[in-house]
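Undergrad: Pasting a structure below so you can have a look.
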Amino acid sequence: MKRQSELPVFAQGLSRIRSAFQASMSPASRCKHPGALLDTLQHWSDSYLRSDDVCISAHRSLADLGYTQSPLSVSMPEQLTALAQVSGLFSDQGVVQLRRACYQLEAGSSTSSWIISNRTRAATESSTLVREMMNSRAFLLAVLRIAGVPLVPHPFLRARSQVNYFYPPQVHDAKAQIGMWHTDGTSFVLNIVLSEPDEYDGGAFVYFDGPVEHFDVEDLGQHVRSCPVSTSGDAVYIYGSRVFHGVRPLTRGRRMSLVLSFHCPYSPEDVNKFWHLASDDGVLKTIRPWFRLQRDLARPASDQYQSMGIAPITFADLASTKVSR
Ligand SMILES: O=C(O)CCC(=O)C(=O)O
Ligand SMILES: [Fe+2]
């Protein structure tokens with residue numbers, strides 16, 4: 001039986017191109033409080049990680065989701081995590097600092113009827129804590145264990161990090177504040193929920209349990225799964241470009257999440273399409289970074305790690321790590 005999903009699907013195909021032009025003209029670039037200090041000036045410390053206690057549950061590989069071909073030449077679908085629930089990644093102090101940093105970034109957020117309507121892009125540029133965390137080798141090793149491949153922060157700055165702020169939708173705009181069904185423009189994505197479950201109702205992270213080619217919003221059948229989060233600092237990792245996902249509307253409170261995107265430096269492949277990126281930030285803002293991205297993607301992995309000032313992370317590091325699942 002056909003069942004209408006309560007979440008709309010974000011623009012695809014030609015309407016994606018239309019939304020790129022709309023984004024170029026939309027007032028979304030106007031932030032809530034221009035000039036506000038967005039940085040808590042807090043430094044990252046690797047002691048904010050609890051890498052030994054990380055628990056990965058509900059782990060699904062791309063093969064489990066039904067993919068037979070790998071989108072990445074260096075790994076098989078069995079080795080690539082499609083989705084995992086992650087808890088115990090951060091210490092209590094780490095969660096406190098991340099929450100503070102992301103609260104503060106809300107002053108720089110902007111709203112539009114977008115996939116995620118209220119968000120602050122390029123959080124690494126405004127927050128010392130988030131920037132230093134993403135450049136930390138210990139953090140990248142923790143993400144490697146979850147993802148199944150060595151990663152670097154995504155070279156496209158505006159896609160690298162984003163803080164989402166969800167509120168209950170306003171009646172006058174059905175699409176406002178809804179995390180619509182979508183795939184991400186980036187592949188390796190860690191969605192860290194920074195609100196306590198008692199701070200909001202609704203807002204479940206949902207995903208489609210199947211390959212993107214099978215996704216039909218009018219016939220989702222039994223393929224929608226949700227990922228409950230039991231405390232702030234818990235995360236949902238996804239292979240964002242190959243997993244349809246969304247966030248159900250909130251009915252109360254506020255849900256804040258920090259979404260981090262990574263790139264595998266051992267493969268020049270990147271799924272980002274110009275129009276996907278431009279639909280987020282507008283055509284003009286995307287042109288120059290797009291060319292820079294093509295150049296960055298072609299750099300050897302060792303250069304990419306070196307430019308961050310850290311020793312390269314390799315597949316050997318994956319073999320030497322243990323994870324409780
Ligand atoms: O807030 C979340 O948990 C996920 C949001 C999301 O899918 C996105 O920002 O692309
Ligand atoms: Fe997403």
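Every number in this text was worked out from the coordinates using simple rules, so none of it is lab data. Everything numeric in this text was worked out from a predicted model, so none of it was measured. Heads up, the Cβs are rebuilt from the backbone with ideal geometry, glycines too, and the neighbour counts pull from every protein chain shown.
Undergrad: Sequence-distant or interchain residues sharing an amide H contact under 5 Å with Leu83, placed H: which?
TA: Under 5 Å from the amide H of Leu83 lie the amide H atoms of Arg60, Tyr239, each far enough along the sequence or on another chain.
Undergrad: Would you mind classifying region 164-264 by shape? Square roots of the alpha carbon gyration tensor eigenvalues, ordered a ≥ b ≥ c; an a/c under 1.5 is rounded, otherwise it is prolate if a/b is larger than b/c and oblate if not.
TA: Oblate shape, in that a/c is at least 1.5 and b/c is the bigger or equal ratio.
Undergrad: Shifting gears a bit: Let a ≥ b ≥ c be the square roots of the eigenvalues of the Cα gyration tensor of region 209-289; is it rounded (a/c under 1.5), or, if not, prolate (a/b larger than b/c) or oblate?
TA: Note, shape of region 209-289 comes out prolate.
Undergrad: For His214 and Glu125, what does the FRET efficiency come to when R0 = 41 Å and r is the distance between their Cβ atoms, rounded to the nearest 0.05?
TA: 0.65
Undergrad: While we're on this one: Of the listed peptides 99-107, 246-254, 149-157, what is their order by residue-averaged count of other C-beta atoms within 10 Å, with the highest listed first?
TA: The most tightly packed comes first, giving 149-157, 99-107, 246-254.
Undergrad: Mind running the shape call on region 183-322? Use the C-alpha gyration tensor, a ≥ b ≥ c as the square roots of the eigenvalues: rounded below 1.5 for a/c, prolate if a/b tops b/c, oblate otherwise.
TA: prolate
Undergrad: Kirkwood Rh, region 261-325, all Cα pairs: how many Å?
TA: About 13.9 Å for region 261-325.
Undergrad: Report the equivalent ellipsoid semi-axes for region 34-126 in whole Å, largest first, defined as the square roots of five times the eigenvalues of the gyration tensor built from alpha carbon atoms.
TA: Listed largest to smallest, the semi-axes of region 34-126 are 32, 21, 12 Å.
Undergrad: Rounded to the nearest 0.05, what FRET efficiency do Gln294 and Val74 have when you use their Cβ-Cβ distance and R0 = 22 Å?
TA: 0.70
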